[in-house]
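Colleague: Have a look at the structure that comes next, please.
The values are calculated or read from the model by the stated rules, or taken from the named source; none is laboratory data. Remember, predicted model here, so these are calculated numbers, not experimental data. Positions of Cβ are backbone-derived with ideal geometry, glycine not excepted, and every protein chain shown enters the neighbour counts.
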Amino acid sequence: MQVSVENTSALERRMTIGVPAERIETEVNKRLQQTARRAKIPGFRPGKVPMSVIRQRFEEGARQEALGELIQATFYEAVVEQKLNPAGSPAVEPKSFEKGKDLEYVATFEVFPEFTVSGFETIAVERLSADVADGDLDNMLDILRKQNVRFEEADRAAQNDDQVNIDFVGKVDGEAFAGGSASGTQLVLGSGRMIPGFEDGLVGAKAGEERVLNVTFPEDYQNLELAGKAAEFTVTVNSVSEPKLPELNEEFFKLFGIKETGLDGFRTEVRKNMERELRQAIKSKVKNQVMDGLLAANPIEVPKALLENEVNRLRVQAVQQFGGNIKPDQLPAELFQEQAKRRVELGLIVAEVVKQFDLKPDEDRVRELIQEMASAYQEPEQVVAWYLKNEQQMNEVRSVVLEEQVVDTVLQKASVTDKSVSYEEAVKPVEAPQAD
C-alpha cells in the first residue's frame, strides 16, 4: 500500500492511498467463493454452481462491496501508519477504479490540533468565600412562603401584589385583534405579566368595576404587527383577592418533603440546602474563570467536523427543551456557532491538560460528589446505591470529577485572590457581558 500526505491547511490533510490490484482481487474472490457456497440458481445444486456463472452474476456487486470495505480498512491503516488523528470522517475521491488495476483514491480530512496547554500563571481567579448567616436564612424562608402564597377574596380596592380576576377586550384603531381578549384571567398586579400600563391601570379598582385602559405596545413587542401601536383595553374586574402568606407550621414543612419536625428542624434542613447551593455556586464561578483563562491563554483552531457535530447537538437540545414541531436542522447554525466553538475548544484544551498531567479520576472524590448530590434527595442512600450500580452514570460523575481536578491543577499555578462576600453575592449568577 502506497501512502502520501499533503498538508492543505493547519488542520486539513489530503492523503493519497494506492491499493495493489492483487489485494483487491483477493477480496473480490473471497466474496465470490462465499456467494458460491450459498447461491441458489435454477439448474444447479447448492454449492455446485460453476465459478464462471457466479462471477458473471455476482462479480460486479462483490467488487463494489470489496472496494467499499477496502477503502475503510486502508484509510484506517494509513492514518495509523502516518500517526494521524482524524477529526471526523474523510471525504473520499476515487482517482483510479478500473478492474485489474491498482485502486487509488484521495481522502481529505481534518486532524485534531496538536498543542501544549500553557499560560497557567497568566490566569487570574477571584475565589469567593461566604457563609449562610441567620439573616440569609430568614430571607430564604420569606421567599419560600411567597412562592406558596394563597389568595383570599377581599372586599376592597385592588393594590399591587393583589390577584384580580378579569375579563378584557383589546382594540387597536377601534378593531379587536387576535389574542387581545380573554375571560376569567387571573392576574397578580405588579407581576409585569402584561404590557406596561395595564396592571398599573387596575390599581384601585374594585370587584364589579369596569375600566378602560389606554396603553401602548412596546417597540420590541414579540408580535411585530402590534409593536409600538396604541391600544384600548376594556377591563371588567370580577374579583379582588389579597395574598396570604402560609404560616411556618407542619403543614408548610410537608410541602418540601422535609422529615424533621418543628421550625428548628425545618430551618436546619433549609440551611443545609443553602450551604450546598453556596458551595456549588462558588465552585462554578471558579471553574468558569479558569476555563475563560485557559481559552484566552491557548487559542487553537477547531476542526470543522467537531464544530458541526457540536452545533447539531445543541440544535437537538434546543428542540428538546422548547418543544414544538420544528426539526433540529431547521434552526439556523449561526444561533449556536459561538457556544459550540467555546465548548469544542474547552473540550480539546481540558483533554490536553488531562493528558499532560496524566490525570485520573480520584475515586474518593467521585464517591464524595455522589454523596453530595444524593444529599438533596429524601432517600440519599438509595440514590448512592443507584449510582454505584449504574456504570454509565458513574462514568459521567468521573468526568465531572476529572474536570474539577483540571481546575485544581490550574489553580496551583494561577494567580488566585480570595475574597469574602455575602451569601447573596456569592450565589448571584454572573451577568453576561453586554454587546457593544
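Colleague: I'd like to check something: does region 121-128 contain any residue that is at pLDDT 95 or above, small (Gly, Ala, Ser) and closer than 15 Å to Glu242 by Cα? Reasoning before the result, please.
Modeller: If we filter region 121-128 for residues that are at pLDDT 95 or above, which is where we start, we get 121-128.
Still in the list and also small (Gly, Ala, Ser): 124.
Applying the additional criterion that residues be closer than 15 Å to Glu242 by Cα yields none.
No, the conditions are met nowhere in region 121-128.
Colleague: Just the residues that are surrounded by 10 or more Cβ atoms within 10 Å (Cβ to Cβ) and either at pLDDT below 95 or basic (Lys, Arg) (or both), please, taken from region 418-436.
Modeller: Pass one, region 418-436, residues surrounded by 10 or more Cβ atoms within 10 Å (Cβ to Cβ): 419-428, 430.
Within region 418-436, Lys419, Lys428, Val430 meet the criteria.
Colleague: Taking helices (runs of 4 or more DSSP H) that do not extend beyond region 341-417, which have at least 2 residues that are within 24 Å of the chain's Cα centre (by Cα), surrounded by 13 or more Cβ atoms within 10 Å (Cβ to Cβ) and among the basic types (Lys, Arg)?
Modeller: Hits in region 341-417: none.
Colleague: How many residues are without any contact (Cβ under 8 Å) to a residue 40 or more places away in the chain, of a type in the set (D, E, K, R) and either touching a Lys or Arg at 6+ places or on another chain (Cβ under 7 Å) or closer than 11 Å to Ile17 by Cβ (or both) if we restrict to region 64-92?
Modeller: Summing the residues that are without any contact (Cβ under 8 Å) to a residue 40 or more places away in the chain, of a type in the set (D, E, K, R) and either touching a Lys or Arg at 6+ places or on another chain (Cβ under 7 Å) or closer than 11 Å to Ile17 by Cβ (or both) in region 64-92 gives 1.
Colleague: Select from region 34-53 the residues that are assigned to a loop (DSSP other than H, G, I, E, B), out of contact with any Phe, Trp or Tyr (no Cβ under 9 Å at 6 or more places or on another chain) and among the small types (Gly, Ala, Ser) and list them in ascending order. Walk me through how you get there before you give the answer.
Modeller: Residues of region 34-53 that are assigned to a loop (DSSP other than H, G, I, E, B), as a first pass: 39-50.
With out of contact with any Phe, Trp or Tyr (no Cβ under 9 Å at 6 or more places or on another chain) added as a condition, the list becomes 40-49.
Gly43, Gly47 - these are the residues of region 34-53 that are assigned to a loop (DSSP other than H, G, I, E, B), out of contact with any Phe, Trp or Tyr (no Cβ under 9 Å at 6 or more places or on another chain) and among the small types (Gly, Ala, Ser).
Colleague: So, one more: Do you know which residues across region 284-299 are of a type outside the set (Gly, Ala, Ser), part of a helix (DSSP H, G or I) and surrounded by fewer than 19 Cβ atoms within 10 Å (Cβ to Cβ)?
Modeller: In the first step, residues of region 284-299 are kept if they are of a type outside the set (Gly, Ala, Ser); the result is 285-292, 294-295, 298-299.
From the residues that got through so far, the ones that are part of a helix (DSSP H, G or I) too are 285-292, 294-295.
Of everything in region 284-299, those that are of a type outside the set (Gly, Ala, Ser), part of a helix (DSSP H, G or I) and surrounded by fewer than 19 Cβ atoms within 10 Å (Cβ to Cβ) turn out to be Lys287, Asn288, Asp292, Leu295.
Colleague: Scanning for something in contact with a Pro (Cβ under 9 Å, 6 or more places away or on another chain) and of a type in the set (Lys, Arg), does region 55-64 turn up at least one residue? Break it down stepwise before answering.
Modeller: Taking region 55-64 as the starting set, the residues that turn out to be in contact with a Pro (Cβ under 9 Å, 6 or more places away or on another chain) are none.
No, every residue in region 55-64 fails to be in contact with a Pro (Cβ under 9 Å, 6 or more places away or on another chain) and of a type in the set (Lys, Arg).
Colleague: Whether any residue in region 115-128 is without any contact (Cβ under 8 Å) to a residue 40 or more places away in the chain, at negative phi and outside the structural domain of Val350 (by TED's automatic domain parsing) is what I want to check.
Modeller: As a first pass, look at region 115-128 and keep what is without any contact (Cβ under 8 Å) to a residue 40 or more places away in the chain: none.
Checked region 115-128: no residue is without any contact (Cβ under 8 Å) to a residue 40 or more places away in the chain, at negative phi and outside the structural domain of Val350 (by TED's automatic domain parsing).
Colleague: Considering only region 1-14, state which residues are among the polar types (S, T, N, Q) and either free of Cβ contacts under 8 Å to residues at least 60 places away in the same chain or not in a loop (DSSP other than H, G, I, E, B) (or both).
Modeller: Taking region 1-14 first, the residues among the polar types (S, T, N, Q) are 2, 4, 7-9.
Those that are among the polar types (S, T, N, Q) and either free of Cβ contacts under 8 Å to residues at least 60 places away in the same chain or not in a loop (DSSP other than H, G, I, E, B) (or both): Gln2, Ser4, Asn7, Ser9.
Colleague: Which of the residues that make up region 83-109 are surrounded by 14 or more Cβ atoms within 10 Å (Cβ to Cβ) and within 18 Å of Ser4 (Cβ to Cβ)?
Modeller: Leu84, Pro86, Pro90, Val92, Asp102, Leu103, Glu104, Tyr105, Val106, Ala107, Thr108, Phe109
Colleague: Provide a single number: the residues in region 249-283 that are over 33 Å from the mean Cα position of the chain (by Cα) and surrounded by 15 or more Cβ atoms within 10 Å (Cβ to Cβ).
Modeller: Result for region 249-283: 4.
Colleague: Continuing with the same structure: Spot the failing condition for Asn29; the list is (1) farther than 30 Å from Pro303 by Cα; (2) in contact (Cβ under 8 Å) with a residue 24 or more places away in the chain; (3) surrounded by fewer than 16 Cβ atoms within 10 Å (Cβ to Cβ); (4) among the polar types (S, T, N, Q), and only one is missed.
Modeller: Result: Asn29 fails condition (2) only.
Colleague: Right, another one. Restricting region 230-248 to residues that are assigned to a strand (DSSP E or B) and acidic (Asp, Glu), which is surrounded by the most Cβ atoms within 10 Å (Cβ to Cβ)?
Modeller: Just the residues of region 230-248 that are assigned to a strand (DSSP E or B), to begin with: 230-244.
Filter once more, so that each one left must be acidic (Asp, Glu): 232, 242.
Numbers: Glu232: 15, Glu242: 17.
Looking at the filtered set, the residue picked out is Glu242.
Colleague: Restricting to region 300-311, give me the number of residues that are of a type in the set (Asp, Glu) and either touching a Phe, Trp or Tyr at 6+ places or on another chain (Cβ under 6 Å) or not in a helix (DSSP H, G or I) (or both). If you could, list the steps in order and put the result at the bottom.
Modeller: As a first pass, look at region 300-311 and keep what is of a type in the set (Asp, Glu): 301, 308, 310.
Still in the running and either touching a Phe, Trp or Tyr at 6+ places or on another chain (Cβ under 6 Å) or not in a helix (DSSP H, G or I) (or both): 301.
Residues flagged as of a type in the set (Asp, Glu) and either touching a Phe, Trp or Tyr at 6+ places or on another chain (Cβ under 6 Å) or not in a helix (DSSP H, G or I) (or both) within region 300-311 amount to 1.
Colleague: Which residues, counting only those in region 182-213, are in a strand (DSSP E or B) and in contact with an Asp or Glu (Cβ under 8 Å, 6 or more places away or on another chain)?
Modeller: Start the filter on region 182-213 by keeping residues that are in a strand (DSSP E or B), which leaves 182-188, 210-213.
Result: Ala182, Ser183, Gly184, Thr185, Leu187, Val188, Val212, Leu213.
Colleague: Checking Met291 against (1) at pLDDT 95 or above; (2) not assigned by TED's automatic domain parsing to the domain that holds Gln412, which test does it fail?
Modeller: Going through (1) at pLDDT 95 or above; (2) not assigned by TED's automatic domain parsing to the domain that holds Gln412 one by one, Met291 breaks only (2).
Yes/no per residue for (1) touching a residue at least 40 places away in the same chain (Cβ under 8 Å); (2) farther than 30 Å from Phe256 by Cα; (3) in contact with a Phe, Trp or Tyr (Cβ under 9 Å, 6 or more places away or on another chain):
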site	(1), (2), (3)
Phe151	yes, no, no
Thr185	no, no, yes
Asp200	no, yes, no
Lys206	yes, yes, no
Thr216	no, yes, no
Gly228	no, yes, yes
Glu232	yes, yes, no
Val240	yes, no, no
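Colleague: Within region 189-198, track down each residue that is surrounded by 13 or more Cβ atoms within 10 Å (Cβ to Cβ) and over 33 Å from the mean Cα position of the chain (by Cα). Step through it out loud before you land on a result.
Modeller: Of all residues in region 189-198, those surrounded by 13 or more Cβ atoms within 10 Å (Cβ to Cβ) come to 189-190, 194-195, 197-198.
Matches in region 189-198: Leu189, Gly190, Gly197, Phe198.
Colleague: Out of (1) in contact with an Asp or Glu (Cβ under 6 Å, 6 or more places away or on another chain); (2) surrounded by 13 or more Cβ atoms within 10 Å (Cβ to Cβ), the odd one out for Met140 is which?
Modeller: Going through (1) in contact with an Asp or Glu (Cβ under 6 Å, 6 or more places away or on another chain); (2) surrounded by 13 or more Cβ atoms within 10 Å (Cβ to Cβ) one by one, Met140 breaks only (1).
Colleague: Next question. Can you find a residue in region 312-335 that is more than 19 Å from Val400 (Cα to Cα) and touching a Phe, Trp or Tyr at 6+ places or on another chain (Cβ under 6 Å)?
Modeller: yes
Colleague: Residue check: is Ile17 hydrophobic (A, V, I, L, M, F, W, C), touching a residue at least 60 places away in the same chain (Cβ under 8 Å) and not in a helix (DSSP H, G or I)? Don't jump to the end; show me each part of the working.
Modeller: Working: hydrophobic (A, V, I, L, M, F, W, C): yes; touching a residue at least 60 places away in the same chain (Cβ under 8 Å): yes; not in a helix (DSSP H, G or I): yes.
In short, yes.
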